[in-house]
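Trainee: Here you go, one structure.
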Amino acid sequence: MATLKAALASAVVESQGLSHPSAEELAHHVKVPDPSHGDLALPCFLLTKALNPPAPPPVIAERIAQKLAADERFVDVHAAGPYVNIRISASLLANTVLSDARTPGYGGGQEGAGKTVVIDFSSPNIAKPLAFHHIRSTVIGHAIARIHRARGWTVQGINYLGDWGKQFGLLATGFERHGNPKRITDAKHLVEVYVKASREADVGSLQRSITAPTEVRALATQLTEARTNLGSLPKEQKKRTEKLIRSLEKKLREYLATKDSDPLQNFNVQLEKLTQEAKEAKEALEQAKAYDTQARAFLKRMEDSDEEALGIWKRYRDSSIDEFKRVYHRMGVEFDAIEGESFYSKVLEQTIAQVRQQPGTKIDNGAEVVDMVVPKGQPPVLLKTSDGTTLYLTRDIAAAIDRYKRFKFERALYVVAADQSLNFSQLFSTLKAMGFTWAENMHHVPFGRVHGMSTRRGNIVFLDEVLEEAVQKAEQVCEQSDKIAKEHLKDVVEAIGVGSIIFGDLKNLRTSDYTFSYEEVLDFRGHTAPYVQFSHARACSILRKAGGVPSDIQPECLVTPEERAVLKTLAAYPDAVTLACDNFEPSIVTRALIDLAQVTASWLSAGNKDRTKRVLLDEPELQHLRTARLALVDAIRETLAHGLYLIGVQAPTAM
RNA sequence: GCACCCGUAGCUUAGCUGGAUAGAGCGCCGGACUACGAAUCCGGAGGUCGGAGGUUCGAAUCCUUCCGGGUGCGCCA
């Protein structure tokens, strides 16, 4: 569509002899209106001042319309108030689209040629499982990688494992207590051990439990007071107090883990419970502190290159990676490199020294902090704990510097959940303060949370189990299909099941939270993978029946409203890919696919009622229509397959 | 308390960086199969775009403020 918009814009600029909005600028303002108005529309408001003498928009529109009427590329040119509406001639539209869209790789481009983008995505923590919440970083990052590659970029997709840090200490020391040495390579077992160990060493939440009764009592007193005062307050203060009451009630509900609208309802019973919990927490606290210290000590040993500790670490790391690889393979996700924080353990001292050269570092309570210019309200950056071990951020600084050295990237993206925004803001501002101007090209690509996923097994939902469940549900439906050859059933079911999970994620705007439901993502109607996959399979089926597309195509005979709708949607596809690339937003591609699947289904179904609208026409005198329509089906097939590939979803040829 | 993100139909959500009557999907109501694949299609009902101001010829979109929700806030990652 970009090329068609450009054609219109340059025609306008030439015909009016304009000098200052360039054709390129003007093309940016060309709209795709409601089909009843035409194919393209140009609002003339912004041209009022471009003309000498200036004229009101409707007059300009009229003038442009008169000039353009002679251009045979555009038909039905007319001014409608301040707009010029045009229809693209059948031959221009169909010729452009059919030749482009049937070329493999349609939607690709070259604006990224010679540039490198580094994409950090998936990046799970070793020692923890690949859980459902990893889905977002994994599929979004993978799609962004493929989209960039399609636009000509050189892509370095890095799975940057969280393979260094305290969590390893927790796992190693926890294994001594709870582990079964025979199952040391069993990833699921390691997860159980880790979950148990991290709970036992969770000093923070024990301390919260201990202080909870006191806090709760204070909150309750405040609440009761606020409530009694409420009646006697003047209007102004009343609102404030009401707000306070609501927030107090909310806090209390959290503490008491209750859903009662009045948290004070069973207050004494609840308080009793909390008091009991506090007592238990007090007893567990010393032990937890000891476990926590052990875990930290283990990390210290790792950082001091203790061979035994490193040996244990490596064993856990290897078995985790094996498990991850299995799931990635199932999802069709590839990386250019699997690296990890551990890669930088050797250069951390050097990195810290490098940071220290800049003004603003200091030791605070035994911890090394950077107190450079950070935006107001933000805490200083911590480089080292008071035990002398490094932090996640320290390792990220080292990794960023190394990545720039290696790749000289034009863009570096971190596809990481939105709740880590602060860390990235700290990372980037530290790098900038160190004088690295390339840090301007680093972006945190945040994403929202997934709701509605029921939790099992201690709050962890395994990604693999979600995939498996989706595949099983897909199988129940597919078994009834007579279109799938027995030997392909398993592959098709896998493509639909896994695809529906990926698609269900990528149809949502990256930054918004979404609610997951199997029913929704696997619905064969609506905005789902199966729906788009079905459209693709149907196109393949027609092409199979036709035995391919003859070569004597006359694109200009594609003139029905349905065909034009399909052509325009096809024309919009490359724009979607470009936009998705520049905004790091795969959902734009996903939605373009939904649109295409929809107009396709609509077109093909029109043939059910009106036989003359069918593709596979038998009449000898209609063979030119048959051929042109087959070419259109082929363009649809090619585009759907390409788009599905970009978002990492398979496209079966029959289902 | 401070910072960032988000409020669009009953539900899930688009809205192309300010343009024509705010588009979909699910659900609901009503239609279309001797099928180029009905796993589909066509039609209908359903919206004061959280509220109030402001900028503009023009605001769901930009600014201010209020209401409501989420997340983060020095030794976890």
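The values are calculated or read from the model by the stated rules, or taken from the named source; none is laboratory data. What you are looking at is a predicted structure, and each value in this text was computed from that prediction instead of being measured. No Cβ is skipped: glycine too gets one built from the backbone with ideal geometry, and neighbour counts run over all protein chains shown. Ligands, DNA and RNA are excluded from the accessible area calculation, which covers all protein heavy atoms including side chains. Shrake-Rupley method; radii C 1.70, N 1.55, O 1.52, S 1.80 Å.
Trainee: If you go through region A:103-116 one residue at a time, do you hit one that is outside any loop (DSSP other than H, G, I, E, B) and either touching a Pro at 6+ places or on another chain (Cβ under 8 Å) or touching a residue at least 40 places away in the same chain (Cβ under 8 Å) (or both)?
Mentor: yes
Trainee: Is there a residue being within 14 Å of RNA strand B (Cβ to nearest atom), aliphatic (A, V, I, L, M) and within 30 Å of A:Ile184 (Cβ to Cβ) anywhere in region A:305-312?
Mentor: No - not one qualifying residue is present in region A:305-312.
Trainee: Moving on to the next point. So if I check each of A:Asp387, A:Asp419, which one is near RNA strand B (Cβ under 9 Å from one of its atoms), over 18 Å from A:Phe121 (Cβ atoms) and of a type in the set (Asp, Glu)?
Mentor: The conditions single out A:Asp387.
Trainee: Turning to a different aspect of this structure: Going residue by residue through region A:369-390, is there one that turns out to be touching a Pro at 6+ places or on another chain (Cβ under 7 Å), of a type outside the set (A, V, I, L, M) and surrounded by fewer than 17 Cβ atoms within 10 Å (Cβ to Cβ)?
Mentor: Yes, because at least one residue in region A:369-390 is touching a Pro at 6+ places or on another chain (Cβ under 7 Å), of a type outside the set (A, V, I, L, M) and surrounded by fewer than 17 Cβ atoms within 10 Å (Cβ to Cβ).
Trainee: Given the residues A:Gly452, A:Gly499, A:Gly448, A:Gly458, which is the only one that is at pLDDT below 90 and surrounded by 15 or more Cβ atoms within 10 Å (Cβ to Cβ)?
Mentor: Of the residues listed, the single one that is at pLDDT below 90 and surrounded by 15 or more Cβ atoms within 10 Å (Cβ to Cβ) is A:Gly448.
Trainee: Can you go through A:Val549, A:Val477, A:Val532 and tell me which one is aliphatic (A, V, I, L, M), more than 9 Å from RNA strand B (Cβ to nearest atom) and part of a helix (DSSP H, G or I)?
Mentor: A:Val532
Trainee: Going through region A:143-154 one residue at a time, which ones are under 13 Å from A:Phe121 (Cα atoms) and open to solvent by less than 10 Å² (accessible area, probe 1.4 Å)?
Mentor: A:Ala143, A:Ile144, A:Ala145, listed by residue number.
Trainee: Looking at A:Arg406, A:Arg411, can you tell me which residue is charged (D, E, K, R), open to solvent by 50 Å² or more (accessible area, probe 1.4 Å) and within 28 Å of A:Pro586 (Cα to Cα)?
Mentor: After ruling out the rest, the residue left standing is A:Arg406.
Trainee: Taking only region A:313-347 into account, find how many residues are within 16 Å of RNA strand B (Cβ to nearest atom), assigned to a helix (DSSP H, G or I) and either open to solvent by 50 Å² or more (accessible area, probe 1.4 Å) or of a type in the set (Gly, Ala, Ser) (or both).
Mentor: Matching residues across region A:313-347 total 3.
Trainee: Got at least one residue in region A:275-283 being within 12 Å of RNA strand B (Cβ to nearest atom) and either at pLDDT 85 or above or not basic (Lys, Arg) (or both)?
Mentor: The answer is no, given that none of the residues of region A:275-283 is within 12 Å of RNA strand B (Cβ to nearest atom) and either at pLDDT 85 or above or not basic (Lys, Arg) (or both).
Trainee: Would you point out which residue out of A:Leu640, A:Leu543, A:Leu646, A:Leu579 is at pLDDT 95 or above, more than 20 Å from A:Ser91 (Cα to Cα) and open to solvent by 10 Å² or more (accessible area, probe 1.4 Å)?
Mentor: On inspection, the qualifying residue turns out to be A:Leu543.
Trainee: What number of residues within region A:502-529 satisfy the criterion of being part of a loop (DSSP other than H, G, I, E, B), open to solvent by 70 Å² or more (accessible area, probe 1.4 Å) and without any contact (Cβ under 8 Å) to a residue 24 or more places away in the chain?
Mentor: Residues that pass the stated criteria total 1.
Trainee: Considering A:Val59, A:Val84, A:Val75, which residue is in a strand (DSSP E or B) and more than 8 Å from RNA strand B (Cβ to nearest atom)?
Mentor: Exactly one of A:Val59, A:Val84, A:Val75 is in a strand (DSSP E or B) and more than 8 Å from RNA strand B (Cβ to nearest atom), namely A:Val75.
Trainee: In region A:92-121, which residues are among the hydroxyl-bearing types (Ser, Thr, Tyr) and at pLDDT below 95?
Mentor: Within region A:92-121, A:Thr96, A:Ser99, A:Thr103, A:Tyr106 meet the criteria.
Trainee: Examine region A:235-255 for a residue that is under 40 Å from the mean Cα position of the chain (by Cα) and under 29 Å from A:Tyr194 (Cα atoms), and state whether such a residue exists.
Mentor: yes
Trainee: Using the structure shown, decide if A:Phe267 is of a type in the set (Phe, Trp, Tyr) and surrounded by fewer than 20 Cβ atoms within 10 Å (Cβ to Cβ).
Mentor: Taking the combined requirement at face value, the residue satisfies it.
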